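Just below is one structure, and these are the notes that go with it.
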Amino acid sequence: MKNFWQNKALTELTTEEWESLCDGCGLCCLHKLEDDETGDVFYTRVACKLLDTELCHCKQYETRTQHVPDCLTLTANTIADYPWLPESCTYRLLFENRQLPVWHPLVSKNSASVHSAGISVAGKAVSEADIHPDDIESFILHFEE
């Protein structure tokens, strides 16, 4: 029997189904820097002030755009507008017709599997409230190829 994410197009999902796709990694809540010349995007370890950096949950999810006006509001129709979404992002994976990884909480049936797999930023990120904005470049992440 196929799961809802295998049976429906992203545009057909209910709000509850859409929200459940998020694996809780927190990567989309990290500040990113873009090279003006190349367009390359670099992730930093600096998280939005609303991200609980230990649990990878937004502290004000329902009202986040009131506190952070440029917070991402991802929809099935806007995924293509965010090519910087991480390769592991469920929304990106499904948009690109790829499968969910075994560590995804919907597959593993364990909400902590994204953390135990080392995919999330839990315990790895620092809040933007704790650093000086001029220091953000020193927090660029270097992912292993």
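Computed from the coordinates by the stated procedures, all read-outs in this text should not be read as laboratory data. Since this is a predicted model, take the numbers as computed values, not measurements. Glycine gets a Cβ as well: all are built from the backbone with ideal geometry, and neighbour counts include every protein chain shown.
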Exercise. Which residues, taken from the stretch 69-124, are part of a helix (DSSP H, G or I) and among the hydroxyl-bearing types (Ser, Thr, Tyr)?
Worked result: THR90, TYR91, SER108, SER113, SER116
Seminar exercise, completed: Within the stretch 25-63, restricting to residues that are assigned to a strand (DSSP E or B) and aromatic (Phe, Trp, Tyr), the one that is nearest to ASN110 (Cα to Cα) is TYR43
Exercise. Restricting the search to the stretch 29-51, which residues are of a type in the set (A, V, I, L, M), touching a Lys or Arg at 6+ places or on another chain (Cβ under 8 Å) and touching a residue at least 24 places away in the same chain (Cβ under 8 Å)?
Worked result: LEU30, VAL41, LEU51
For this session: Only residues that are polar (S, T, N, Q), under 14 Å from the mean Cα position of the chain (by Cα) and under 26 Å from SER116 (Cα atoms): list them for the stretch 41-100, please.
Result: THR44, THR53, SER88, THR90
For this session: Please identify the pairs in which a residue from the stretch 8-28 that is β-branched (Val, Ile, Thr) has its Cβ atom under 9 Å from the Cβ atom of a residue that is outside any loop (DSSP other than H, G, I, E, B) and loosely packed, with under 15 Cβ neighbours inside 10 Å, counting only partners at least 6 apart or on another chain.
Result: THR14/PHE4
Exercise. Taking the stretch 1-24 only, how many residues are in a loop (DSSP other than H, G, I, E, B), under 17 Å from the mean Cα position of the chain (by Cα) and not hydrophobic (A, V, I, L, M, F, W, C)?
Worked result: 2
Exercise. Can you name the number of the only condition in (1) surrounded by fewer than 12 Cβ atoms within 10 Å (Cβ to Cβ); (2) touching a His at 6+ places or on another chain (Cβ under 6 Å); (3) not basic (Lys, Arg) that THR44 fails?
Worked result: (1)
Problem set entry | Unmet requirement for GLN66, which otherwise passes all of (1) part of a helix (DSSP H, G or I); (2) in contact with a Phe, Trp or Tyr (Cβ under 9 Å, 6 or more places away or on another chain); (3) of a type outside the set (Val, Ile, Thr) | (2)
For this session: Mind listing just one residue for me: the one in the stretch 125-140 that is assigned to a helix (DSSP H, G or I) and in contact with a strand residue (DSSP E or B) (Cβ under 8 Å, 6 or more places away or on another chain) and, of those, surrounded by the fewest Cβ atoms within 10 Å (Cβ to Cβ)?
Result: GLU137
Exercise. If you check every pair at least six apart or on different chains, which have Cβ atoms under 8 Å apart with a residue in the stretch 68-86 that is under 25 Å from GLU128 (Cα atoms) first and a residue that is part of a loop (DSSP other than H, G, I, E, B) and not aliphatic (A, V, I, L, M) second?
Worked result: VAL68/CYS48; VAL68/LYS49; CYS71/CYS48; LEU72/TYR82; LEU74/TYR82; PRO86/CYS25
Problem set entry | In the stretch 87-112, the residues that are surrounded by fewer than 18 Cβ atoms within 10 Å (Cβ to Cβ), farther than 19 Å from LEU33 by Cα and without any contact (Cβ under 8 Å) to a residue 40 or more places away in the chain | GLU96, ASN97, ARG98, GLN99, PRO101, VAL102, VAL107, SER108, LYS109, ASN110, ALA112
